[in-house]
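One structure is given here, and the rest of the page talks about it.
Laboratory data are not the source of any read-out in this text; all were calculated from the coordinates shown. For clarity, every value in this text was computed on a predicted model and none was experimentally measured. So basically every Cβ, Gly included, is an ideal-geometry build from the backbone, and we count neighbours across all protein chains shown.
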Protein chains: 2
Amino acid sequence: MSEYEEGMPSVLAAAWGLRERPGKGPRLTLERIVAAGVKVAATDGLSAVSMGRVARELGAATMSLYRHVTTKDELLELMVDAAVGQPPPLPPGGGWRAGLTSFARAYLGLLRRQPWVIRVPLNSPPIMPNQIAWMDYGLAAMGGTVLRQDERLSTIMIVSGIVRSWALLSADINAAAQAGGVTTEQSTFGYGRLLKRLADPARFPAVGELVASGVLETPDAAPDDDFEFGLARFLDGLEALIRSRETP
Amino acid sequence: MSEYEEGMPSVLAAAWGLRERPGKGPRLTLERIVAAGVKVAATDGLSAVSMGRVARELGAATMSLYRHVTTKDELLELMVDAAVGQPPPLPPGGGWRAGLTSFARAYLGLLRRQPWVIRVPLNSPPIMPNQIAWMDYGLAAMGGTVLRQDERLSTIMIVSGIVRSWALLSADINAAAQAGGVTTEQSTFGYGRLLKRLADPARFPAVGELVASGVLETPDAAPDDDFEFGLARFLDGLEALIRSRETP
DNA sequence: ACGCTCGTGCGTATGTTATACCCAGAAGTA
DNA sequence: TACTTCTGGGTATAACATACGCACGAGCGT
């Protein structure tokens, strides 16, 4: 342990590669453990990820994992970082809006492909390397704009919040669909019907109107329509701010 | 239940002793169980909520809870709904923007006061009565606008997503602060310092710029500045859309 | 060659958890 | 009175995270 790691949570040291073991190639490596965890989560869901299960995946004993990882939570954080991976390159030549849009879509796609990621309970601000790489992606998209740094930071948080909440919602719907053995559309319809049955229009007039409008029974014209709508509105607002600063 | 209690907030019925039926009614009620769960979560955090602990709180046996609740997850969902409670009344006379803003602020305040709520892993679309009530609140704020129903729904989801992600982030920061025995500001500074130490500016230029700008060491002028910024941008965009439809 | 230490994996043991299953008394009903 | 139903409880099980100490092998200094 060098002085650099002093007081640093061990997850970080592990993730940022500050814990390289000089050994040649033991059977059990941090990378292999994390990869096994990701595999279990991808195939059987986050709830299937237990230390025992991950160890079995590697043909190792449960307790052996603790040589490389101090707690299960640490393993989970490392798994998330591994699953998140490197962000794609910024689309060249596009303005800030194109950049933020592809940031959002890429992030959403990632969470779609690995739905277990959003289920991992996080209890610290983002600090893992690949999370920072994504943050850099988003911030870089705003390079050259008149936005202040704190505004850029806020923007990143808002956009990823929008992405995360949408990803969570659609993951919930998909999970419910899978659990019921129906398609996603059927599940959405089912939600609408349930709402119609439960939400008394007298007590919830606005919800009643929503249900009566039938939008819950109408599939989106394009997938992620709602997400795109929200994102576009936010970016519109940001654009207005930028323009108002550029032409006072 | 006599007719006197009809429509009366259950808090009042309980507080005025209208529900005291000593010796008669069962000791264990769904309401009492849920309330005990909320109490445990509020005092000792979500992780302290176990069936055993909640039962102990009531002087009952662990398994007795299962007469009223089929799984722990169900209890958690009920706890969330109870903690969420009824939304405040819509500010009268305000436009849609004032309505959505107070929706967002009220929701944020709620999640601030009961930080455990956002930690509860949800795996189904919102369907509990109080969640629907909040949804109605948000939708009602947009009553009379030119927005389509699906756009209103999308708006609600976006706004609550913004609120939730901001609440989660600040809860994380506060939790980290409390764990380290420092103030929230110190914790934020610590985050900035950690970022500065870990994120190589060569590898993450935009993050480097951010760190160099010092915003992470500068406390917000007002609390929730970043949140308000994001919300305002989104609402600006929505306003632009509404205006463009009203004056074609 | 010989101990010594350290790195690495393992097995056992403990405490916590959710929850299945069955028993006992009480209360209402035929 | 007999019977069923309702409510609470106790016991048992299985999964889980993880503390702790043992065992084995590699390098290293003597």
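For every other residue with a beta carbon closer than 11 angstrom to the beta carbon of B:Gly143, add +1 if it is Lys or Arg and -1 if Asp or Glu, then tell me the sum.
With Lys, Arg at +1 and Asp, Glu at -1, the net is -1.
For a test of the definition: using alpha carbon positions, the gyration tensor, and the 1.5 limit on a/c, classify the protein assembly as shown as rounded, prolate or oblate.
Oblate, because a/c is 1.5 or more while a/b does not exceed b/c.
What is chain A's relative contact order, in percent, from Cα pairs under 8 angstrom and six or more apart in sequence?
Relative contact order comes out at 15 percent.
Just check the range B:201-248 against the gyration tensor rule for me: Cα atoms, a ≥ b ≥ c as the square roots of the eigenvalues, rounded for a/c under 1.5, and otherwise prolate or oblate depending on whether a/b exceeds b/c.
oblate
Past 24 Å, Cα to Cα: identify those pairs from A:Lys196/B:Lys72; B:Lys39/B:Lys72; A:Lys39/B:Lys72, in the order given.
Violating the 24 Å Cα-Cα cut-off are A:Lys196/B:Lys72; A:Lys39/B:Lys72.
Report, as an integer, the average count of C-beta atoms from other chains found within 10 Å of each Cβ along A:239-247.
Partner-chain Cβ atoms within 10 Å, mean over residues of A:239-247: 2.
Assuming a ≥ b ≥ c are the square roots of the Cα gyration tensor eigenvalues, decide whether the range B:145-228 counts as rounded (a/c under 1.5), prolate (otherwise, with a/b larger than b/c) or oblate.
Prolate.
What is the magnitude of the charge dipole of the protein assembly as shown about its Cα centre, with +1 placed on the Cβ of each Lys and Arg, -1 on the Cβ of each Asp and Glu, and no other charges, expressed in debye to the nearest 20?
The dipole magnitude comes to about 1220 debye.
Extension gain B:Ala48-B:Ala221, at 0.36 nm per residue separation less the Cα-Cα distance, in nm?
Working it through step by step, the gained length comes to 58.8 nm.
Provide the net charge surrounding A:Phe189, with neighbours chosen by a C-beta distance below 12 Å and charges set as Lys +1, Arg +1, Asp -1, Glu -1.
Spelling it out: positives minus negatives among the neighbours equals 0.
Convex hull over the alpha-carbon atoms of chain B: what's its volume per residue in Å³?
With only Cα atoms used, chain B gives 196 Å³ per residue.
Round to the nearest 0.05 the FRET efficiency obtained for B:Ser124 and A:Asp73 when R0 = 22 Å and r is the Cβ-Cβ distance.
Between B:Ser124 and A:Asp73 the formula returns 0.35.
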